[in-house]
Protein chains: 2
Amino acid sequence: MQAKAVTLCQRPVGMPKKEDFEVIDIDVPAPADGEIQIQNVCMSVDPYMRGRMIERKSYVPPFQIGEVLTGGAIGKVTKSGHPDYKEGDYVSHSWGWREAVTTSVEGVQRLGEIVAPPSAYIGTIGMPGMTAYVGLLEVGALQDGETVFVSGAAGAVGTIVGQIAKLKGCRVIGSAGSAEKVALLQDELGFDHAFNYNDGHILNHLREAAPDGLDVYFDNVGAEHLQAALMCMRPFGRIPLCGAIATYNDTEPRPGPNNLSMAIGLGLTLRGFIVTHFNHLADQFRNDMEGWVTSGQITSKETVFEGIDQAADAFIGLFTGANVGKAIVNL
Amino acid sequence: MQAKAVTLCQRPVGMPKKEDFEVIDIDVPAPADGEIQIQNVCMSVDPYMRGRMIERKSYVPPFQIGEVLTGGAIGKVTKSGHPDYKEGDYVSHSWGWREAVTTSVEGVQRLGEIVAPPSAYIGTIGMPGMTAYVGLLEVGALQDGETVFVSGAAGAVGTIVGQIAKLKGCRVIGSAGSAEKVALLQDELGFDHAFNYNDGHILNHLREAAPDGLDVYFDNVGAEHLQAALMCMRPFGRIPLCGAIATYNDTEPRPGPNNLSMAIGLGLTLRGFIVTHFNHLADQFRNDMEGWVTSGQITSKETVFEGIDQAADAFIGLFTGANVGKAIVNL
């Protein structure tokens, strides 16, 4: 069969543009023995993919020009050459950015029984949700009743960070890039306070929102956000370093926070992580998060794009602030 | 009785100057009930004192102009109004920068039996030694056989960091500010590699010394050292943030490392600390370090200044690079 797929036709410089991407036709052959053919239901776009578009050494290798991009996706098995996978099984895998794929089963996980729409398994119950979960509870060592600040709070990870922190009885502050997002955080997602980082100084907002300081700052953004949060940390505070989306389109390295040495006297911990460092917690995460989602304690916010022709728009929206919650591309 | 003491007569701007300090005469009365009179044997000068000379909120309150400075010192009890302290007892306390003091016993620790010269108890077996010990073993979570880099390696803390790491079977790299210090580290203190950070690029030195990367970077210096070390960290490396002496005389905040986001993919931990966060380990530290010193496994390097008139020189020498090992002022 034939399917559409997206390639990187040139490396983005600064903000990614639609012309950096091309939609092409690919062949999706019948599966050989041990292989399966998957029709994708939806695919994920994630900030970390921006890093893979740069030619450099990193924790994941760079994308190559002209190759079909990869990334998280949920699909349904359409033909199976493997005894453990049968037609109609929902699977989670990394062959996104295409409508269909034929692949060995390596790295393909059967979802089994699902308790939410398939898209949740690349969102709240998938990688971004697990990033929030391990970042807050393991890396951030969150304690009940603490004060938590999360930047990029209206994003796929941030919306979940804030809601988990509320579940743990914490006071939660979030920053986002528009008044609409601020309203979402406060009115729909239960944040105690949210502010628009494009309106006024971040440090002033934080001091007003958390006059007694922050125990945990969950950093999705880096740059000015990190510097301002450092000014407000309480003794022995923790800063999970999850992302630095403010800097991902920088063409020159940007200076770091000028107040990092505040960590010394205060005994602060800044700890970087990626979700795969915590794969051993995957079952525990899914169990907890499915419980919270089905009980209504955690709400999944999604921005949905229809069709593979919109995949590049979905990705670009991560950096322009166009997306709210998890960006999903239905295929 | 009368004694000499040192006051701060004006707040240093940039590098401290001798004129910022004044030697005055003070009265040291006979002790009242519950008090003791101490003749100081030697006093400590430490980089953290520079921060206390600035009028700002910090983990220790700022020094006040015209008041006698304070800091670590070792003394002998000359008169006692307290039943637990008797004449001739060695004590460790924070009434440095003066030849003698009469004080309540609060914060005054009897040293008991000592196994090294009194000055060791404000050096290797005192605060700087314990800073090295807890920073490397607790904050840095050092594992046997790892590769360790310490900056300010010829200083009071750095000389001990390197020697403890060698005791733990690690490969040890140090940076210092002169060829003489580099020779000391390599020839006398057992460092595997040392380099002069004033000669060539720190990053080039590090890549040559540790082609397979660093597991622990013990940061005494901050600034360029931290940025270069971040470039060389291995996955899940640890960076105890102990000091940032490169920046202590800055009159404007200096930008931080432009590559802090490398911590994300590598799962690095940067953790600030001060020694008093680990007071619960004081007995264990003293026991271990006295053992290492008496067995000859750890060598104490000192730069000795004679008399309180040289106290300001000793302090200034911390920042000019004049001192090697622990700067001691004999009183």
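The values are calculated or read from the model by the stated rules, or taken from the named source; none is laboratory data. Quantities reported herein were computed from a predicted structural model and do not represent experimental measurements. Every residue, glycine among them, receives a Cβ derived from its backbone with ideal geometry; neighbour counts consider all protein chains shown.
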Worksheet entry | Residue that is farthest from B:Ile202 (Cα to Cα), among those in segment B:132-165 that are touching a Gly at 6+ places or on another chain (Cβ under 8 Å) and surrounded by fewer than 18 Cβ atoms within 10 Å (Cβ to Cβ) | B:Asp144
Practice prompt. Please verify whether segment A:276-294 includes one or more residues that are hydrophobic (A, V, I, L, M, F, W, C), outside the structural domain of A:Tyr248 (by TED's automatic domain parsing) and closer than 30 Å to A:Asp25 by Cα.
Written response: no
Worksheet item: Which of the residues belonging to segment B:92-131 are β-branched (Val, Ile, Thr) and surrounded by fewer than 24 Cβ atoms within 10 Å (Cβ to Cβ)?
Response: B:Thr102, B:Thr103, B:Val105, B:Val108, B:Ile114, B:Val115
Worksheet entry | Residue identified as of a type in the set (Val, Ile, Thr) and either under 30 Å from A:Asn249 (Cα atoms) or loosely packed, with under 12 Cβ neighbours inside 10 Å (or both) among A:Ile36, A:Ile24 | A:Ile24
Worksheet item: Of the numbered conditions (1) within 13 Å of chain B (Cβ to nearest Cβ); (2) touching a helix residue (DSSP H, G or I) at 6+ places or on another chain (Cβ under 7 Å); (3) surrounded by fewer than 23 Cβ atoms within 10 Å (Cβ to Cβ), A:Arg234 satisfies every one except a single condition; which is it?
Response: (2)
Worksheet item: Looking at segment A:168-186, is at least one residue surrounded by fewer than 16 Cβ atoms within 10 Å (Cβ to Cβ) and touching a Lys or Arg at 6+ places or on another chain (Cβ under 9 Å)?
Response: no
Item to complete: Go through (1) among the hydroxyl-bearing types (Ser, Thr, Tyr); (2) farther than 18 Å from A:Val134 by Cα; (3) under 21 Å from the mean Cα position of the chain (by Cα) one by one and return the number of the condition A:Thr276 breaks.
Response: (2)
Item to complete: Tell me which residues, restricted to segment B:277-301, are within 14 Å of chain A (Cβ to nearest Cβ) and either at pLDDT below 95 or loosely packed, with under 15 Cβ neighbours inside 10 Å (or both).
Response: B:Asn279, B:His280
Worksheet, complete the sentence: Within segment B:193-208, residues of a type in the set (Gly, Ala, Ser) and under 25 Å from the mean Cα position of the chain (by Cα) come out as B:Ala194
Worksheet item: Can you pull out the residues in segment A:263-276 that are surrounded by 19 or more Cβ atoms within 10 Å (Cβ to Cβ) and more than 7 Å from every other protein chain (Cβ to nearest Cβ)?
Response: A:Val275
Worksheet item: Out of (1) surrounded by fewer than 18 Cβ atoms within 10 Å (Cβ to Cβ); (2) over 26 Å from B:Val157 (Cα atoms), what's the single condition that is false for B:Val13?
Response: (2)
Item to complete: Working only within segment B:197-231, note down all residues that are aliphatic (A, V, I, L, M), within 20 Å of B:Pro47 (Cβ to Cβ) and either surrounded by fewer than 24 Cβ atoms within 10 Å (Cβ to Cβ) or away from chain A (no Cβ under 14 Å) (or both).
Response: B:Ile202, B:Ala223
Worksheet item: If only one of B:Gly265, B:Gly243, B:Gly291, B:Gly237 is touching a Pro at 6+ places or on another chain (Cβ under 7 Å) and small (Gly, Ala, Ser), which one is it?
Response: B:Gly243
Worksheet item: What helices (runs of 4 or more DSSP H) lie completely within segment B:222-322 and have 3 or more residues being closer than 28 Å to B:Gly51 by Cα?
Response: B:223-231, B:282-294, B:311-320
Response to the item:
By residue number, the members of segment A:40-61 that are assigned to a loop (DSSP other than H, G, I, E, B) and either within 13 Å of chain B (Cβ to nearest Cβ) or closer than 14 Å to A:Val275 by Cβ (or both) are A:Asp46, A:Pro47, A:Ile54, A:Arg56, A:Lys57, A:Ser58, A:Tyr59, A:Val60, A:Pro61
Discussion item. Give me the residue from segment B:237-256 that is facing chain A (nearest Cβ under 8 Å) and at pLDDT 95 or above and, out of that set, surrounded by the most Cβ atoms within 10 Å (Cβ to Cβ).
Written reply: B:Cys242
Item to complete: Tell me which of these B:Ile173 doesn't satisfy, since it passes every other one: (1) among the β-branched types (Val, Ile, Thr); (2) out of contact with any His (no Cβ under 8 Å at 6 or more places or on another chain); (3) farther than 22 Å from B:Val275 by Cα.
Response: (2)
Worksheet item: Condition test on B:Asp313, is it over 16 Å from B:Gly72 (Cα atoms), outside the structural domain of B:Tyr48 (by TED's automatic domain parsing) and surrounded by fewer than 19 Cβ atoms within 10 Å (Cβ to Cβ)?
Response: no
Fill in: Every residue from segment B:283-301 that is under 18 Å from B:Ser92 (Cα atoms) and acidic (Asp, Glu)
B:Asp283, B:Glu290
Discussion item. What's the total number of residues in segment A:193-241 that are small (Gly, Ala, Ser), touching a residue at least 40 places away in the same chain (Cβ under 8 Å) and within 18 Å of B:Leu268 (Cα to Cα)?
Written reply: 0
Worksheet item: Is it the case that segment A:13-30 has a residue that's more than 20 Å from the chain's Cα centre (by Cα), in a helix (DSSP H, G or I) and without any contact (Cβ under 8 Å) to a residue 60 or more places away in the chain?
Response: yes
Worksheet item: Does B:Ile54 satisfy the criteria of being under 24 Å from B:Ala120 (Cβ atoms), free of Cβ contacts under 8 Å to residues at least 60 places away in the same chain, of a type in the set (Val, Ile, Thr) and surrounded by 13 or more Cβ atoms within 10 Å (Cβ to Cβ)?
Response: no
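Conditions (1) of a type outside the set (D, E, K, R); (2) more than 24 Å from A:Ala154 (Cα to Cα), marked per residue:
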site: A:Val45; (1), (2): yes, no
site: A:Arg52; (1), (2): no, no
site: A:Pro62; (1), (2): yes, yes
site: A:Lys86; (1), (2): no, yes
site: A:Ile125; (1), (2): yes, no
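Would you say B:Gly75 is more than 18 Å from the chain's Cα centre (by Cα) and in a loop (DSSP other than H, G, I, E, B)?
When the stated conditions are applied, B:Gly75 does not pass them.
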Worksheet item: With respect to B:Thr269, is the statement that it is more than 24 Å from B:Glu113 (Cβ to Cβ), in the same structural domain as B:Gly177 (by TED's automatic domain parsing) and modelled with pLDDT of 95 or more true?
Response: yes
